[in-house]
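Written out below as structure tokens is the structure these notes cover.
The values are calculated or read from the model by the stated rules, or taken from the named source; none is laboratory data. A quick note: this is a predicted structure, and the numbers were derived from the prediction, not measured. Ideal geometry is used to build each Cβ from the backbone, glycine not excepted, and the neighbour counts take in all protein chains shown. When the accessible area is computed, the model is the full protein with side chains, heavy atoms only, and any ligands, DNA or RNA have been set aside. Shrake-Rupley method; radii C 1.70, N 1.55, O 1.52, S 1.80 Å.
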Amino acid sequence: MPYVDKYKQYLDENPLLVAYSKEELKAPVFAYTSNLDVVLGWDSKIYNEILDAYLKEEPYVKEGDVMNTLEDFARISSYYLMRGLGGNFDITNIEVCNYLKEKFVSEFALGGTCAQAAAAIGTMGFPVNVHLTDRCKQVSEMMDHEGTTVIKDNKKVPIMQGISDEEPVYHFILQFNKGDKIRILGREVEIPLSNRLILFYDTVHKEVPIMQEFLEYWDRSSQSPSSYLISGFDAIIDPEVMKKRLLELEPYLECMRTKHPETVIYFEGAFYMNPKVKEQASDMFGRYAHIFGMNEEELEQQAKRFGYEIDVEKIEDVLKGLEVILSKYPVKGIILHTKDYAMYYGVELEGVDIERGLTMGNIMSATRARIGRYGNPEECRETLALALSERGLQFAQAAEDRETDRMIKVVPSRYLEHPKYTIGLGDTFTAGVHICFIKKK
């Protein structure tokens with residue numbers, strides 16, 4: 001059976017779901033990190049000037065790489081741009097930060113998976129409670145929507161009542177465009193895909209301090225969240241720090257599973273995490289999460305960890321990779337998000353219309369890519385003018401034709417060849433998915 005486009009139907013049904021969410025206090029909880037991004041305006045001419053001056057050898061990346069010099073920046077960043085890859089790296093020298101701010105035109109934006117997801121779902125009108133690590137005024141203002149709350153003095157309060165007077169936590173974002181030409185030691189190379197690098201000048205998220213009153217609130221609360229997003233550990237590089245953080249969280253996640261059995265626990269990792277830290281996080285959160293969220297790069301990475309090489313262009317390989325991960329962790333399912341489609345693979349979740357989540361994730365992400373900001377309902381409706389991805393339609397048909405004991409649901413994306421914005425698309429997608437966990441009784 002060919003794919004049936006339900007994008008308009010789900011957008012039409014959103015107002016009633018928003019009203020229900022507010023009236024019945026059925027809202028998601030998003031955790032754990034936030035920061036202030038410095039978005040460097042992409043300019044291939046300026047970038048090539050940097051490469052001409054500071055690229056001294058063939059680009060490469062080694063384990064544990066950081067950007068301590070401009071030579072490091074040129075070598076590492078060009079390796080990723082040549083391949084159209086996204087990545088996370090530490091800047092250890094403020095002089096590198098100052099140089100980049102001077103060379104590129106920049107603007108502030110919101111950072112952190114849970115923070116961006118909260119801003120995205122808040123723009124659509126849904127209430128959400130968040131845990132923030134950077135509660136500065138600029139971050140809070142970008143998330144300030146009716147119904148967006150934080151925990152302060154052991155109660156939920158509007159986000160602007162939780163502002164901190166501490167300095168912002170800065171992350172530098174370098175997004176680049178498919179088709180632009182960069183000069184690698186005198187030869188011209190075309191960037192194959194639009195993507196972004198995130199460069200941390202940040203010690204806070206090497207630790208990810210978690211507020212005890214946030215954890216204790218949900219330990220005591222009789223009101224169950226519709227879902228609980230676990231994210232934000234991608235800047236931790238020390239396995240001992242991650243071990244400490246996991247030991248801190250474990251009893252509270254145990255409580256969430258016991259006291260709030262209807263709450264869907266969702267772990268969104270990151271391809272860029274330190275491999276050992278990623279392994280620790282997956283192993284522990286895999287015991288408590290109902291769903292893992294990941295992109296194609298993470299799927300390849302996780303499959304390789306367990307000894308399997310997969311080709312993400314082939315649906316049989318994609319499903320093989322997902323099956324391997326499900327065989328290693330007691331989660332109910334995996335949500336895979338790509339530029340062409342979103343997929344759920346696993347056990348059918350009682351009372352959850354997972355297609356709604358995949359569809360809303362796709363349309364919200366595509367709208368952000370199209371207009372460069374989190375879209376409201378009307379802006380999402382305008383995105384319906386974009387065609388469905390041909391590759392996504394092929395995957396949807398191939399999934400429909402397969403016989404399996406698992407539930408497979410594929411929703412093609414509204415495809416945009418040249419996105420206006422590449423930052424936070426996965427985080428915005430994740431926000432949309434959580435709409436489907438707001439279950440009307």
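On the protein heavy atoms, probe 1.4 angstrom, tell me the percent of accessible surface of region 255-313 carried by carbon and sulfur.
On the way: 1100 of 2300 Å².
With neighbouring chains kept in place, the figure for region 255-313 is 48 percent.
Which percent, nearest 5, of DSSP beta bridges in the chain are antiparallel? If you can, show how the numbers build up before the last one.
Working: 32 of 61 bridges.
Of those bridges, close to 50 percent are antiparallel.
Can you pull the percent of region 357-400's accessible area that's carbon plus sulfur, 1.4 Å probe, other chains left in place? List each step's numbers first, then the result.
Working: 820 of 1610 Å².
C and S atoms contribute 51 percent here.
All Cα-Cα separations within region 220-266 were binned at 10 Å from zero, giving a P(r) of 24, 46, 25, 5, each value a whole percent of the pairs. Taking every Cα-Cα distance in region 366-412 and sorting them into 10 Å bins from zero, the calculated P(r) comes out as 25, 34, 27, 14 percent.
To the nearest 20 debye, what charge dipole does region 35-117 have about its Cα centre, counting +1 at the Cβ of each Lys and Arg and -1 at the Cβ of each Asp and Glu?
Working: 7 positive and 14 negative charges, 34 e Å.
For region 35-117, the charge dipole is close to 160 debye.
Think of each Lys and Arg Cβ as +1 and each Asp and Glu Cβ as -1; about the Cα centre, that makes the dipole of the chain roughly 640 debye. Largest first, the extents of the alpha carbon coordinates of region 402-441 on the three principal axes equal 38, 31, 13 Å. Positive end of the dipole of region 177-327 (Cβ unit charges, origin at the Cα centre): among I236, H260, S222, the Cα lying farthest that way belongs to I236.
Residues in the chain average 41 Å² of solvent-accessible surface per residue, probe 1.4 Å, ligands and nucleic acids excluded. Placing +1 on the Cβ of each Lys and Arg and -1 on the Cβ of each Asp and Glu in region 59-206, which of V204, L132, G112 has its Cα farthest towards the positive end of the resulting dipole? It is G112. The separation of region 269-305 from region 122-146, counted between C-alpha centres, amounts to 26 Å. A helix-only calculation puts the chain at -12500 deg cm²/dmol for mean residue ellipticity at 222 nm, using -39500 (n - 2.57) for each DSSP H run of at least four residues, averaged over all residues.
Need one number: % antiparallel among DSSP beta bridges in region 81-200, to the nearest 5.
Details: 14 of 20 bridges.
For region 81-200, the DSSP antiparallel bridge percentage is about 70.
With the biggest extent put first, the Cα atoms of region 114-251 measure 63, 39, 30 Å across the principal axes. Per the Kirkwood formula applied to alpha carbons, region 62-111 shows a radius of gyration over Rh ratio, Rg over Rh, of 0.97. Which of the three applies to region 282-350, rounded, prolate or oblate, going by the alpha-carbon gyration tensor with a ≥ b ≥ c and a/c under 1.5 meaning rounded? It comes out oblate by the Cα gyration axes. Put simply, the amide H of D90, placed in the peptide plane, has neighbours under 5 Å in M67, F200, leaving out anything fewer than 5 places away on its chain.
For the chain, the alpha-carbon coordinates run over 63, 54, 43 Å along the three principal axes, in decreasing order. Report, ordered by chain and residue number, the lysines lying within cross-link reach of K278, taken as a straight Cα distance under 20 Å and ignoring same-chain residues fewer than 8 apart. Here the lysines satisfying the reach criterion relative to K278 are K62, K206, K243, K244, K304, K328, K332. What you get for region 143-218, charging only the Cβ of Lys and Arg (+1) and of Asp and Glu (-1), is a dipole of about 520 debye around the Cα centre.
Taking a straight Cα-Cα cut-off under 16 Å and skipping sequence neighbours fewer than 8 places away in the same chain, the aspartates and glutamates within cross-link reach of K103 are D43, E49, D52, E71, E95.
Above 17 Å lies some portion of the pair distances; for region 1-93, what is it as a whole percent of all C-alpha pairs? Before the final figure, lay out each step's value.
On the way: 2964 of 4278 pairs.
In whole percent, the long-distance tail amounts to 69.
What residue among L246, S327, F271 has its Cα farthest toward the positive end of the dipole of region 217-372, where the charges are +1 on Lys, Arg and -1 on Asp, Glu, each on the Cβ? The Cα lying farthest towards the positive end belongs to L246.
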